[in-house]
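The structure appears right after this line, and notes come after that.
Values quoted throughout were computed directly from the atomic coordinates according to the rules given, and no laboratory measurement underlies them. Note that the structure is predicted; figures quoted are calculated from it, not measured. So basically every Cβ, Gly included, is an ideal-geometry build from the backbone, and we count neighbours across all protein chains shown.
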Amino acid sequence: MSVWSDLPGQSAVIEQLSRAAAAERPAHAWLFTGPPGSGRSNAAKAFAAALLCEQQDPAERGCGTCHACRTVLAGSNADATLVATENVTFSIQEMRELVGKAQDKPSSGRWRVIIIEDADRMTERTTNVLLKAIEEPPPRTIWMLCTPSPADVLVTIRSRCRPVSLRIPPADDVAALLVRRDGADPELAGFAARVSQSHIGVARRLAADADARHRRDTIVRLPLRLRGVADAVTAAGELVDISNADAAAASEQRNESEREALLIALGAPEKGAMPPAIRSQLKRLEEDQKRRAKRSLSDSLDRVLIDLSTFFRDVLTVQLGTGTELVNEYLRQDLTSYAERSTPEQTLGRMDAIAQARQRLGTNVAPVLAMEAMAVSLL
Amino acid sequence: MNPPPGSRASAAKKSAATVSWRDVEPAPVVLVSGPEEYLAHRAKERVRNLLRGKQPDLEVTQLDASSYTTGGLTMLASPSLFGEAKLIEASSLAQMNDEFLADTLAYLASPADEVWLVLHHGGGTRGKKLLDAVKASGAPVVDCQPMKKDADKLDFVRQEFKTARRAIEPAAAQALVSAVGSSLPDLAAACSQLISDAESAVTEETVEKYYGGRVEATGFKVADAAISGRGAAALASLRHALATGVDPVPIVAVLAMKLRQIAKVKSAAANARDLGMAPWQFDQARRDARLWESEALARCIQVLAETDAQVKGEGRDPEYAVERAVTMIATSARR
């Protein structure tokens, strides 16, 4: 058992990080990059655990059994701070607080580690607040930023960070992880790892949740059902509805319990009207929840589009006869007949339409309209 | 001069009376309720002016029902050293707190002499107990509902001119309503402008001179013209809509909704209930759908998505983007 064992297929990164953890003075800022689902934040967490590990021998750091290792991995270590946002972007206030916190000395370990998940979810102004702290680091603070690509952070930040680039893990490694860690059925794990294109988080959900598998199947088969404009528009509406329901189901219960907790914390009256001071607090909570819902919806739609694009990736693979393994192997028959009815040029055009819809969803285009434009392009 | 106390008491015994905001008379308690702020403002103004006419030393106090503290009303209503009459205008009753409710209910039972209380309730159910009590006490109630129909607005214009003893031709009134009718304060301001400027009867030419070329158009008007292939009308109303302050974003949203409805009714098995559309919407969409080929529809939906991105910051000129989309849609409909 070691802190590195949950990073499938990343042996090069593991070697780099364990060498750094054993060093007397590791670099003060690290930039973890890699495709979504490759385990960036897990790698950062494992590295933080290794840095704070209590083993005497530097070479044995990252044991995974000492108190520090276990608390860091569980997210309860006082010296390791993990920040993530559930909104579309980090707010500048959050960053300012974090910069202040970075000046504190570590309380028990050797380092104070601050991990920022989704460092790409920052506006330029917010990033500049962070830049100051990374430029002139306090002596015992180590920053770790996680982004999909090095280009997602400002060049000034990038140049001050040691890069760690994760690769897409092989599907077999992901499947093995699901079997070992989550106790998934080996066959199901293999399927989930392949159709999720080695996205560990998605694969885990697909392996565990029959509904999620069913939903993905509906989405992937969508191009087979499109006959005319009416179908396309209806299907687009359905996709958005699915995503909405998905996002709502995840947040509804949580929103309600957050509200109750807030009311208790504020000592709100059990009945009757809320005093204005409490009303304003409730309003702020509702706004936060709304922001979170928006992010959750756009994430969900993005996933839909990625699943959909695997269909056309497979169609193109068949059309060009490259012989590469299909993502949706179980649909081979449908894929082949679809491939025969169209040309590779058309397939590429359709993939472009999907990519464009993803981009438009990022620029705030009405989700239904963006999906409709995409769906009619698939006809 | 003050009315004798007896006449006040007999007035309070009358049953609840809904009066128009034009005819409201001062009374110990007047309730002004309804969401149209402007009418409420006029009603309150009228009460204030009438009282001032009778009693020049009238003391006017504003009271906010949402931040009221116990005893405030009694304090304001108690006689002052100089014995001047008092008008208390209580506002935001829609957000009233419990203290205000309790004090005002108590006050209703025994209104003070020489004090006129005007209550303004913006609508909603908050403080219904008080509203009912006021109505039961026979106090005049001014109902300020927003004017939605053009006929109501025309009537408003006519009344404004009649009150000012000016004449306006029916065609001129019609032109005025279509130029500035969407907001009542604007309409009233336009009326008072014309009343104070015009020397004789206001004609259509006068309105044209003041508000010429200004026609209020909504996104729906633009979309209806574009979808039915009337390009010139669509572009003209688009220009009017943009000039009178309609944002490009809702225009694109309405266009998208219309195209979506057409696309949905194109399927043979479609019926209004499954699509979640009102029957009239469904019939309208069916009629519009006859003008639309599938290919044209698909192309226009793609263009609209592109336009939506552009009006939301991707393009440099949102107005150009929406104009281009409207042209494209109007020329794609089969005429």
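Taking only C-alpha pairs under 8 Å that are 6+ residues apart, what is the relative contact order of chain A in percent? Write out the running numbers ahead of the final one.
On the way: 516 pairs, mean separation 61.9, N = 379.
Normalised by residue count, the contact order of chain A is 16 percent.
Averaged over peptide B:303-310, the number of partner chain Cβ atoms lying within 10 Å of each residue's Cβ comes to 6.
What list do you get for A:Ile115, A:Ile354 if you sort them by fewest beta carbons within 10 Å?
A:Ile354, A:Ile115
With a Förster radius of 25 Å applied to the beta-carbon distance between A:Asp217 and A:Asp352, the computed FRET efficiency rounds to 0.55. Across region A:240-332, C-alpha contacts under 8 Å between residues 6 or more apart give a mean separation that, scaled by the residue count, equals a relative contact order of 32 percent.
Taking Lys and Arg as +1 and Asp and Glu as -1, the other residues whose beta-carbon sits under 15 Å from that of B:Ile168 total -2.
Less than 11 Å Cβ to Cβ from A:Ile142, Lys/Arg counted +1 and Asp/Glu -1: what total charge do the surrounding residues give? Net charge in that neighbourhood comes out at +4.
Inter-label distance, A:Lys132 to A:Ile92: 1.1 nm, where each label sits 7 Å from its Cα along the C-beta direction. The residues B:His240, B:His41, when put in order of fewest to most other Cβ atoms within 10 Å, stand as B:His41, B:His240. Summarised in one figure, the compactness ratio Rg/Rh of the protein assembly as shown, Cα atoms and Kirkwood Rh, is 1.08.
Here the simple spin-label model places points 7 Å from the Cα toward Cβ, and for A:Gln103 and B:Ser110 these points are separated by 6.5 nm. Near the amide H of A:Leu145, within less than 5 Å, lie the amide hydrogens of A:Trp30, A:Leu31, A:Phe32, A:Ile116, all on another chain or at least 5 residues away, with H placed in the peptide plane.
The value of relative contact order for chain B, using C-alpha pairs under 8 Å at least six residues apart, is 15 percent. Using r as the Cβ-Cβ distance of A:Arg140 and A:Asp185, and R0 as 51 Å, what FRET efficiency do you calculate, to the nearest 0.05? With a Förster radius of 51 Å, E is 0.65. Using the Cβ-Cβ distance between A:Arg259 and A:Ser280 with R0 = 22 Å, the FRET efficiency computed as 1/(1 + (r/R0)^6) comes to roughly 0.95. In terms of surrounding Cβ atoms within a 10 Å radius of their Cβ, A:Val315, A:Val153 rank from fewest to most as A:Val153, A:Val315.
Approximating the spin labels as points 7 Å out from Cα along Cα→Cβ, the A:Ile242-to-B:Glu45 distance works out to 5.8 nm.
Only helical runs count toward this figure. For the protein assembly as shown, summing -39,500 (n - 2.57) over DSSP H runs of n ≥ 4 and dividing by all residues gives -18500 deg cm²/dmol at 222 nm. In chain B, the ratio of gyration radius to Kirkwood radius, Rg to Rh, stands at 1.12 when only Cα atoms are counted. When the Cα positions of B:Trp280, A:Leu177, B:Thr125 are compared along the charge dipole of the protein assembly as shown, B:Trp280 comes out farthest toward the positive end, with charges on each C-beta of Lys, Arg, Asp and Glu. Counts of other chain beta carbons within 10 angstrom of each beta carbon in peptide A:223-231 average 4. Cross-link partners of B:Lys44 among lysines, defined as those whose alpha carbon lies under 19 angstrom from its own and excluding same-chain residues fewer than eight positions apart: B:Lys54, B:Lys86, B:Lys135.
Ranked by the mean number of other Cβ atoms within 10 Å of their residues, highest first, the peptides B:57-66, A:362-371 fall in the order A:362-371, B:57-66.
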